[in-house]
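What follows is a short report on a single structure.
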Amino acid sequence: MSKWRKKKTGMIEHPGIRERIGDVCIYLFLILCMLICIIPLWHTLMASLSDGQLLAAHTGVLQKWITADGTPNWSGYLKTLQYSDHAILKSYLITILYVIANVLCGLIINVTGAYVLYRKPKAAPALTIFIIISMMFNGGTVPTYMVIKSLGMTGTAWSLIIPSCTNAMFLIMVLNGFKQVPDSTIESAELDGAGHFTIMFRILLPQAKGLTLVTVINQAILTWNSWFEASIYVPNNKELWPLQLWIRQVVADNADIMSASTPDWNKYLVSYCVILIATVPVLLIMPFVQKQLQKGALLGAVKG
């Protein structure tokens, strides 16, 4: 170990044997996490390109698609687009609209709510306690449903937008971003005659865009992956079902296919195809927003 410590270049000391062992363990753990994520996706991709009947008889993880002639089978994707009168394609577009609506509503609520707390009104302590309590406790599914129903939103798209467009954590993250702006900047703006909306949207928000963008990205991902709220608030209105709820329905339908006398094996592939269709947008977007997520998380740890 002394051998490693004697090797120095200027003020930089080469890592010792313990540090190298720690680095190797970290890399091995990250590789394991990567494989845990990639293997199910690869299996799903290969299954979507396989023959349905051969796939049903196969056990284990697929390394390649399995078909009689060795070529990929695209019938599952064609069946997915035609599933239940193009319901998957319609729900795809509806889910995008849900994401946009939730992100916009959440952004407005987070920015305005954080600004109110940032200005420290007399009710700020009570509001802060109220927000923190909402983070730790939840009214439950049944009381929430009763509130949504009493507001007349059940069976409508608003039940999937208004209740879930933000949460206390996102509001606090935006507030932390505002707190990183120097007070002298706000005082200078007020001396120049800037009003609340000017300070909020032209001074605070641009300088806190890191943490604000983190809340936007997380809200978009949460909305894209949500299905439970739709199963409660719009169970009978399939025109408003998001994509994830249709995935749940497709997986449930596959159980009936196996017991049919003449199974439609291409329909059996729909569950694999629709999972990939729902996952691809997130996989394509994440490499572009990963840097912003990391930067925003680090900014949030600087000052709270």
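Checking each residue of region 188-211 against the condition of being more than 25 Å from Asn102 (Cα to Cα) and polar (S, T, N, Q) gives at least one match. Selection of region 82-96 for residues being exposed (fewer than 14 other Cβ atoms within 10 Å of the Cβ) and either hydrophobic (A, V, I, L, M, F, W, C) or closer than 30 Å to Ala168 by Cβ (or both) yields only Leu93. Any residue at all in region 101-121 that's among the β-branched types (Val, Ile, Thr), under 17 Å from the mean Cα position of the chain (by Cα) and outside any loop (DSSP other than H, G, I, E, B)? Yes, that holds for at least one residue.
The residues in region 217-232 that are touching a residue at least 24 places away in the same chain (Cβ under 8 Å) and farther than 14 Å from Asn102 by Cβ can be counted, and the count is 1.
Restricting the first member to region 237-254 and to residues that are without any contact (Cβ under 8 Å) to a residue 60 or more places away in the chain, and the second to residues that are part of a helix (DSSP H, G or I) and charged (D, E, K, R), the beta-carbon pairs closer than 9 Å and six or more apart or on different chains are Gln249/Lys238; Asp253/Lys267; Asn254/Lys267. Within region 185-219, if we keep just the residues that are polar (S, T, N, Q) and over 24 Å from Gln292 (Cβ atoms), the residue that is surrounded by the fewest Cβ atoms within 10 Å (Cβ to Cβ) turns out to be Ser188. Taking the conditions exactly as written (farther than 20 Å from Gln219 by Cβ, modelled with pLDDT under 80, touching a helix residue (DSSP H, G or I) at 6+ places or on another chain (Cβ under 9 Å) and surrounded by 12 or more Cβ atoms within 10 Å (Cβ to Cβ)), does Asn254 satisfy them or not? So Asn254 passes the test. Residues that are open to solvent by 40 Å² or more (accessible area, probe 1.4 Å), assigned to a helix (DSSP H, G or I) and without any contact (Cβ under 8 Å) to a residue 12 or more places away in the chain are absent from region 62-77 altogether.
Looking at the structure I just gave you, is Leu204 in contact with a helix residue (DSSP H, G or I) (Cβ under 9 Å, 6 or more places away or on another chain) and within 22 Å of Thr128 (Cβ to Cβ)? Yes: the conditions hold for Leu204. Taken over region 175-184, the criterion of being surrounded by 12 or more Cβ atoms within 10 Å (Cβ to Cβ) and in a helix (DSSP H, G or I) is satisfied by Leu175, Asn176, Gly177, Phe178, Lys179.
For region 149-184, a tally of residues being without any contact (Cβ under 8 Å) to a residue 24 or more places away in the chain and of a type in the set (S, T, N, Q) returns 2. Within the bounds of region 33-49, is there any residue that is surrounded by 10 or more Cβ atoms within 10 Å (Cβ to Cβ), part of a loop (DSSP other than H, G, I, E, B) and among the aliphatic types (A, V, I, L, M)? Checking region 33-49: at least one residue is surrounded by 10 or more Cβ atoms within 10 Å (Cβ to Cβ), part of a loop (DSSP other than H, G, I, E, B) and among the aliphatic types (A, V, I, L, M).
The values are calculated or read from the model by the stated rules, or taken from the named source; none is laboratory data. Quantities reported herein were computed from a predicted structural model and do not represent experimental measurements. FYI the Cβ positions are ideal-geometry reconstructions off the backbone, even for glycines, and counts take in every protein chain you see. Accessible surface is based on the protein model in full, side chains and every heavy atom, while ligands, DNA and RNA are left aside. Shrake-Rupley method; radii C 1.70, N 1.55, O 1.52, S 1.80 Å.
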